[in-house]
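The values are calculated or read from the model by the stated rules, or taken from the named source; none is laboratory data. Nothing here was measured: the structure is a model prediction, and the numbers come from that model. Quick reminder, even Gly has a Cβ in these numbers, built from the backbone with ideal geometry, and neighbours come from all protein chains shown. Surface areas here come from the heavy atoms of the whole protein model, side chains and all, with no ligands, DNA or RNA. Shrake-Rupley method; radii C 1.70, N 1.55, O 1.52, S 1.80 Å.
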Amino acid sequence: MDFAAFKKMASGINWRSFKKLANPRVADDLNVFLEKLPQNTNKTMLIILGAVWATAAATGLYTTVQLQELTALRTKLAEGSALKPAVPQIQDMAVNGAEVENFVKNAKDVYTGLDIKASGSTVLITASTTAAFGQFREAIGHIQNGGSGWRVSIERLCVGRECDKYPLAASLRINKVSVNTPG
């Protein structure tokens, strides 16, 4: 509301009528009115008035009790959230390529019947014949248990005649678990 509209509204009010309310006799007049109220009204009106006041008092009491319970619940909730532990976040992080390359270099010397290559954190194991299946299986197990904290997942595994290029082929991705504590 802008000032001009307020000024226009205020100019329409008869301020002299409020002057009567500032008179000291107003409080005495109100007191006399309230004291004579039982004689000037009938019983039904007094009962209705009493019921309205009783309802208002009961509503006020009920509201006060509910607000106290709500405040207690809010306090408990605040205490509960303060006790909530900080849960660490777990992520898979790719293993350093140099570490995988070192491991593959040593594994090539052990598993001579297989072709083992490293590409970043991925290891590719292939064999030209299914006769090397024993070594193939052992090489996969060796990589599974290869490094400290390694988490190996099989991306592709093919064994047998249905394989495209090599009858034995496996692609393994090597990750490490990283734990980040929220701070």
Next item on the list: Could you check which residue among 12, 160, 147 shows the biggest mean-square fluctuation in a GNM of the chain with a 10 Å Cα cutoff?
Entry: 12
Check: Which residue fluctuates the most in the chain, going by a Gaussian network model with Cα springs under 10 Å, if the choices are 139, 27, 54?
Finding: 27
Next item on the list: For segment 47-106, give the magnitude of the charge dipole about the Cα centre (Cβ charges: +1 Lys/Arg, -1 Asp/Glu; no others), in debye to the nearest 20.
Entry: 280 debye
Next item on the list: Quick one: check the C-alpha center-to-center distance for segment 42-106 versus segment 125-183, whole angstrom.
Entry: 48 Å
Notebook entry, point to check: Whats the longest run of the chain with zero trypsin sites (Lys or Arg not before Pro) that are DSSP loop and have at most 12 other Cβ atoms within 10 Å?
Noted result: 1-160
Note to self: If I compute solvent accessible area with a 1.4 Å probe over the protein chains, what percent of it on segment 1-152 is carbon and sulfur?
What the structure shows: 61 percent
Note to self: Can you give the log10 of the normalised intensity I(q)/I(0) at q = 0.10, 0.24 Å⁻¹, computed with Debye over equal Cα scatterers of segment 93-183?
What the structure shows: -0.26, -1.20
Item checked: Relative contact order of the chain, defined on C-alpha pairs under 8 angstrom at six or more residues apart (%) -> 20 percent
Checklist line | Exceeding the 30 Å Cα-Cα cut-off - candidates 20/43; 8/36; 76/176; 108/176; 7/36 | finding: 20/43; 8/36; 76/176; 7/36
Check: Among 171, 153, 81, what's the order by accessible area (1.4 angstrom probe), most exposed first?
Finding: 81, 153, 171
Note to self: Suppose every Lys and Arg Cβ carries +1 and every Asp and Glu Cβ carries -1, with no other charges. What dipole size does segment 62-183 come out with about its Cα centre, to the nearest 20 debye?
What the structure shows: 80 debye
Notebook entry, point to check: Extension gain residue 91-residue 56, at 0.36 nm per residue separation less the Cα-Cα distance, in nm?
Noted result: 6.6 nm
Next item on the list: Work out the length of the dipole vector of segment 125-166 about its Cα centre, built from +1 on the beta-carbon of each Lys and Arg and -1 on the beta-carbon of each Asp and Glu, and round it to the nearest 20 debye.
Entry: 20 debye
Margin query: Quick check on the chain: helices-only [θ] at 222 nm, where DSSP H runs of length 4 and up contribute -39,500 (n - 2.57) each and the sum goes over total residues. Nearest 500, please.
Written below: -17500 deg cm²/dmol
Next item on the list: Over the alpha-carbon set of segment 94-146, work out the extent along each principal axis and list the three values in angstrom, largest first.
Entry: 32, 19, 17
Note to self: For a quick check, take a GNM of the chain with Cα springs below 10 Å and name the residue from 70, 37, 172 with the largest mean-square fluctuation.
What the structure shows: 37
Notebook entry, point to check: According to the Kirkwood expression over distinct Cα-Cα pairs, how big is the hydrodynamic radius of segment 34-161, in Å?
Noted result: 22.4 Å
Note to self: Once you order the gyration tensor axes a ≥ b ≥ c over the Cα atoms, which shape class does segment 59-131 get: rounded for a/c under 1.5, otherwise prolate or oblate by comparing a/b with b/c?
What the structure shows: prolate
Checklist line | Solvent-accessible heavy-atom area per residue, rounded to whole Å², over segment 46-125 at 1.4 Å | finding: 75 Å²
